Amino acid sequence: MKLVSYRARGKERYGLLSPDGVGIIDATARINGAETLRDVLAQDRLKEVLGATSGAAPDDALDDVVLALPITEPEKILCAGRNYRAYHEVVEQQRAPDYPSIFGRFASSFSAHRQPILKPKAGDQLDYEGELVVVIGKAGRHISEERAFDHVAGYTCMNEGTVRDWMSKGTQNLPAKNFDRSGGLGPFIVTADEVPDPARLRIITRRNGRVVQDGSTEQMIFDIPFLISHISKFTRLEPGDLIATGSPGGSAVESSSPEWLRDGEVIEVEISGIGRLENPIVSE
């Protein structure tokens, strides 16, 4: 199933995308005691959501609602940097690293599907990075790679936007990766049962309709089980936490004369079997 968080009729809601993809079956009123999808995951109630909405007619048209981030208030958003076998990901090394580069992002650094990504006032080099995101459904610490998928609720799409000229302002990536609404996230969560092999998904990023990234999750250096296991060694993963798994080649930074994102452009990230995330670029 495809889970969605949204606003309609003056209220924050969540539900299921209808089979035809044009409507939303509102689960908010049908599930007592769970106000958000994060609550649903934390209470292990996905099956209840499916049962409560099975066969129901859509309550809202997808085009009539405002989509929110798939998990509206994630406790943690953790990202794996330089995790693809592409030049720009390993440019500083002759071989793959022994461990992934992990950094955090704030929920406020993302916009939902069709909402504007902001080109910041304080930075000029806004870049794009299409990525597959893992949504954690079951809490855990010191998770083994063999049991890692037991902790996955589903997947969504991310444009992990980076303000490149802030990468050199200090020694940390956090500012460059956390400008307000500098990335995109969504539109839906596709549950894990509908994704038989997340290591065989195609990732395409389009800039104004032109393909600028075209890769596969097969190119990951550190796969999803390793990332989950590695991260759970230093922090407890909680339901609703998000893990971004890295981006294939094709970001603007690779070019000898980079063309950074500008006001009026549109970025799309499409992942096979997961969905298509679209955001316009607007100057802050």
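The values are calculated or read from the model by the stated rules, or taken from the named source; none is laboratory data. Values in this document were obtained by computation on a predicted structure and should not be read as measured data. Please note: Cβ atoms are built from the backbone with ideal geometry, for glycine as well, and neighbour counts cover all protein chains shown.
Matching residues to (1) free of Cβ contacts under 8 Å to residues at least 12 places away in the same chain; (2) under 25 Å from L69 (Cα atoms); (3) not aliphatic (A, V, I, L, M):
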| site | (1), (2), (3) |
| --- | --- |
| T162 | no, yes, yes |
| S182 | no, yes, yes |
| T191 | no, yes, yes |
| V195 | no, yes, no |
| P198 | no, yes, yes |
| R207 | no, yes, yes |
| G215 | no, yes, yes |
| Q219 | no, no, yes |
| H230 | no, no, yes |
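Of the residues D223, D263, D241, which single one is farther than 19 Å from V211 by Cβ, over 18 Å from the mean Cα position of the chain (by Cα) and of a type outside the set (A, V, I, L, M)? Within the list D223, D263, D241, the selection yields D263. Which condition breaks for P175 when tested against (1) in contact (Cβ under 8 Å) with a residue 24 or more places away in the chain; (2) outside any loop (DSSP other than H, G, I, E, B)? Going through the list (1) in contact (Cβ under 8 Å) with a residue 24 or more places away in the chain; (2) outside any loop (DSSP other than H, G, I, E, B), P175 breaks only (1).
Of the set (1) surrounded by 17 or more Cβ atoms within 10 Å (Cβ to Cβ); (2) under 30 Å from N178 (Cβ atoms); (3) free of Cβ contacts under 8 Å to residues at least 40 places away in the same chain, all apply to E35 but (1). For the stretch 9-40, residues that are closer than 17 Å to R114 by Cα and at pLDDT below 95 total 1.
Looking across the stretch 156-187, just one residue is aromatic (F, W, Y) and crowded, with 24+ Cβ neighbours inside 10 Å, and that is F179. Among the candidates D39, D64, D59, which residue alone is farther than 21 Å from C157 by Cβ and under 20 Å from the mean Cα position of the chain (by Cα)? One residue alone meets the criteria, D39. Considering the conditions (1) farther than 20 Å from K76 by Cβ; (2) assigned to a strand (DSSP E or B); (3) not small (G, A, S), I189 is excluded by exactly one of them, (1).
For the stretch 236-254, residues that are among the acidic types (D, E) and farther than 9 Å from A86 by Cβ total 2.
Tallying residues that are over 24 Å from I24 (Cα atoms), in contact with a Leu (Cβ under 9 Å, 6 or more places away or on another chain) and not basic (K, R) within the stretch 166-209 yields 6. For P196, are the conditions met, namely being farther than 20 Å from F110 by Cβ and either surrounded by 15 or more Cβ atoms within 10 Å (Cβ to Cβ) or more than 18 Å from the chain's Cα centre (by Cα) (or both)? Taking the combined requirement at face value, the residue satisfies it.
Among the residues of the stretch 268-284, the one identified as part of a loop (DSSP other than H, G, I, E, B) and closer than 10 Å to L118 by Cβ is E284. Taken over the stretch 113-155, the criterion of being of a type in the set (S, T, N, Q) and in contact with an Asp or Glu (Cβ under 8 Å, 6 or more places away or on another chain) is satisfied by Q125 alone.
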